[in-house]
């Protein structure tokens, strides 16, 4: 189920694909790519709860406790006999005007809701699994291929099926990341390759990248792609190692 915050930030209620399950598309095979989502994505709902608790208390303070000091002089019971300290004004506090308190409370409400919505939206754009749908006989052309994607928002084995021709793959900030875009949808989907599994088996970043690009042949690629030659771990210096360090920055 898509969060209302995600729908609000994405600007559309239209789903990018057809809802399905991994069992329906993979027929018992392991997905091509799987990964454990980052910590912030796995604990996003806990962060949202903490966000609501914090901003709820701030809003309560702004509405019920935000006051202004109003000096009130003491009443002198016997003129001429009062001591100096008796004439000192007392400090009195009154709530600020309602429009001020309402404005501040509304600002904190918008800020807290926006932060929670942005977190859930970012969570919905983290790909934790994707694979190609097993094609029917005689329909293995790129125009007929489909892919199955699961994001952190999709529970268990649910996800969405998309036409392969509507998907675009580009390199991320470095060779440890890929970015997927979908025609007709705003933004992009992040696919981290570090600690990923390929066909159910642990793989290095290089192996994951190579396997995905091999499976993506005939599909849409965007942007420039850095060289991803895997260096022998025994090498400590040299052009390949230097290029690898540059790509990981």
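Numbers below:
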quantity	calculated
Residue list for region 167-202, filter: touching a strand residue (DSSP E or B) at 6+ places or on another chain (Cβ under 6 Å), surrounded by fewer than 18 Cβ atoms within 10 Å (Cβ to Cβ) and without any contact (Cβ under 8 Å) to a residue 24 or more places away in the chain	172, 177
Residue list for region 26-43, filter: free of Cβ contacts under 8 Å to residues at least 24 places away in the same chain, assigned to a loop (DSSP other than H, G, I, E, B) and at negative phi	43
Scan of region 146-157 for residues that are surrounded by fewer than 16 Cβ atoms within 10 Å (Cβ to Cβ) and closer than 22 Å to residue 134 by Cβ, ordered by number	156
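Readers should treat all values here as calculations from the given coordinates under stated rules, not as data from a laboratory. It should be emphasised that the depicted structure is a prediction, and the values quoted were computed from it without experimental measurement. No Cβ is skipped: glycine too gets one built from the backbone with ideal geometry, and neighbour counts run over all protein chains shown.
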